[in-house]
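Report on the following structure.
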Amino acid sequence: GGAGGFDLGMRSLFKFVAYWNPSIRVDSEGKAEIRFQVPDNLTGWRVLAMAVTPEDRMGLGETGFKVNLPTEIRPALPNQVTEGDSFEAGFTVMNRTGAARDIDVTVQVDGPVEKLPAGKAPALKQQFRAEPFKRQTVRLPVKTTAPGEITFTVQAGDAVDRDALRQSIEVLRRSSPETAAVYGSTAEGKTSEPVVFPLNMRPGSGRLDVTVSPSVIGGLEGVFQYMRDYPYICWEQKLTVGVMAAFF
């Protein structure tokens, strides 16, 4: 940080799988090395390694590592919001150093939310005393106005360290779904069923599904042919072929 302040990269890339490689060859000593960039998640990662020889011998090993920052922001947002909802957007801040710090937090929101009287989007600026390894929660009241996506930009820290997070949440359409179903059977080549759609339907919210099924099971010849000609010969597959032959 200099005269222009901190140049922060927003943490916005969150994944459940950080790295996957199905084909890593080892050297003559049976060792291999990989390099990858972890996502923006501040969490613990579990590493699973599976080794397979050409003779189908297998081995499995695992380890783990953690990705942390001296200052950590975590979202505490609802799982789902719809247009017209009012909620408090929460973000927890943890001081991961061994000394107490005065943390400055700013929260900004963009998207289909109710504006302030001055025409600006809701925002929050707060400072608190952060004890070591204790979480503090800041909350920003938000009211959605239309479907779409709202994005929160959060920054927290002091002269020692800072964290920045960008988190989005989808605002769903408010609707009251109604479902009606009819059932019947026929032996004719065609049939008809009258359908009346509700008045004042919201465009894009209705759907008509038609499911047709025969009363006599048929069309299984291909399944039995596939099992008969199955190319593998391990004992489980042989048993499967035998069971299918008995059913046939």
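The values are calculated or read from the model by the stated rules, or taken from the named source; none is laboratory data. Quick caveat: nothing in here was measured; it's all calculated off a predicted structure. Heads up, the Cβs are rebuilt from the backbone with ideal geometry, glycines too, and the neighbour counts pull from every protein chain shown. We work out accessible area using only protein heavy atoms, side chains counted, and drop any ligands, DNA or RNA first. Shrake-Rupley method; radii C 1.70, N 1.55, O 1.52, S 1.80 Å.
For the reader, a short list of remarks on this structure follows.
- Among the trypsin sites (Lys or Arg not before Pro) in region 89-168, those located in a DSSP loop and surrounded by at most 12 other Cβ atoms within 10 Å of their own Cβ are Lys115, Lys120, Lys134.
- Each helix, a run of at least 4 DSSP H residues, gives -39500 (n - 2.57); summed and divided by the residues of the chain, these come to -2500 deg cm²/dmol at 222 nm.
- The alpha-carbon positions of the chain define a convex hull whose volume is 264 Å³ per residue.
- Degrees separating the helix 235-247 axis from the principal Cα axis of the chain, which is the longest one: 50
- For region 10-72, applying the loop criterion from DSSP together with a ceiling of 13 other beta carbons within 10 Å to the trypsin sites (Lys or Arg not before Pro) yields Lys15, Arg25, Lys31, Arg35, Arg57.
- Residues whose placed amide H lies under 5 Å from that of Ser175, excluding near-sequence neighbours: none
- With a simple spin-label model that places each label point 7 Å from the Cα along the Cα-to-Cβ direction, the separation between Tyr230 and Trp20 comes to 2.6 nm.
- Relative contact order [Cα under 8 Å, 6+ residues apart], the chain, whole percent: 16
- Carbon plus sulfur fraction of accessible area for the chain, probe 1.4 Å, in percent: 53
- Build a GNM of the chain with springs between Cα atoms under 10 Å apart, and of Gly61, Gly44, Gly184 the one that fluctuates most is Gly184.
- Accessible area of the chain divided out per residue, in Å², using a probe of 1.4 angstrom: 77
- Within region 142-196, the GluC sites (Glu not before Pro) that combine a DSSP coil assignment with at most 13 other C-beta atoms in a 10 angstrom radius are Glu178, Glu188.
- The calculated P(r) of region 59-119, using every Cα pair and 5 Å bins from 0, goes 3, 10, 17, 16, 13, 12, 11, 8, 5, 3, 1, 1, 0 in percent.
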